[in-house]
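Okay, structure first, notes after.
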Amino acid sequence: MPDDSGDGGGVPAGEPAPAETEHEAPEGMSGGTAAEDDLPAGAVEIVAVVEALRSERDEYLDHLRRVQAEFENYRKRVVREQTSLIERATESLVERLLPVLDAFELALLSAAGGDAGQLSQGLELLYADLLGVLEQSGLECIAAEGAVFDPQVHEAVMHVDVGEHDEPVVADVMRKGYMLGGKVLRRPMVKVAK
């Protein structure tokens, strides 16, 4: 007969028998860390995948930081080079304008003398010198007088009805226009005849 004394040797009547528990492996015998031992079997694989993804993420972030630093260095270098190029171009133009400035000083000194003919001749030379320097830099005068009126190139300030032209023509140039490198810097102000 079974012992019903309740001394722990048996199970009281009417209660189900407890499920057998797995025995834990001794310390150091388990396949993972203590935290991994507490996880279900599939979770260990998930943890490994997460760790691999974290490592890959860190590599990508490191690579991104290096690329950003390289791009910032490149941007700074380009700005320095552009600034240097602009400074050299400006220096070159100013250097070529210095003789014109000297000629203006001489013209002002001769104007103090009062000879109008000499002053006029000096101003014509100065104009030619200045125009020469600017043309060497690529400046072109826009030929307008007698040309067919083009609103993309010319700026009409007056209209004259002559009646001898089928299409509008530039009758007179009020202010010259200039181009630099094929681009219109200033449109000529013109009188248009119809």
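Using a probe radius of 1.4 angstrom, the carbon and sulfur fraction of the accessible surface of the stretch 55-185 is 57%. The protection proxy used here, the mean number of other Cβ atoms lying within 10 Å of each residue, ranks peptides 66-74, 43-51 as follows, highest first: 43-51, 66-74. Neighbours of Ala52, meaning other residues whose beta-carbon lies under 12 angstrom from its beta-carbon, give a summed charge of -3 when Lys and Arg score +1 and Asp and Glu score -1. Charged neighbours of Ser137, selected by a Cβ distance under 14 Å, balance to -2 (K, R count +1; D, E count -1).
Classified by the C-alpha gyration tensor, the stretch 88-175 has an oblate form. Its axis ratio a/c, with a ≥ b ≥ c, is 1.5 or above, and a/b does not exceed b/c. Shape class for the stretch 48-194: oblate, because the ratio a/c of the largest to smallest gyration tensor axis (alpha-carbon atoms, square roots of eigenvalues) is 1.5 or more and b/c is at least a/b.
The order of the peptides 126-135, 101-110 by mean Cβ neighbours within 10 Å, most packed first, is 126-135, 101-110. Net charge in the neighbourhood of Arg65 (other residues with Cβ under 13 Å of its Cβ; Lys, Arg +1, Asp, Glu -1) is -3.
The values are calculated or read from the model by the stated rules, or taken from the named source; none is laboratory data. Just so we're clear, the structure is a prediction, and the values are computed from it rather than from any experiment. Counting neighbours? That spans all protein chains shown, and the Cβs are built from the backbone with ideal geometry, glycine included. We work out accessible area using only protein heavy atoms, side chains counted, and drop any ligands, DNA or RNA first. Shrake-Rupley method; radii C 1.70, N 1.55, O 1.52, S 1.80 Å.
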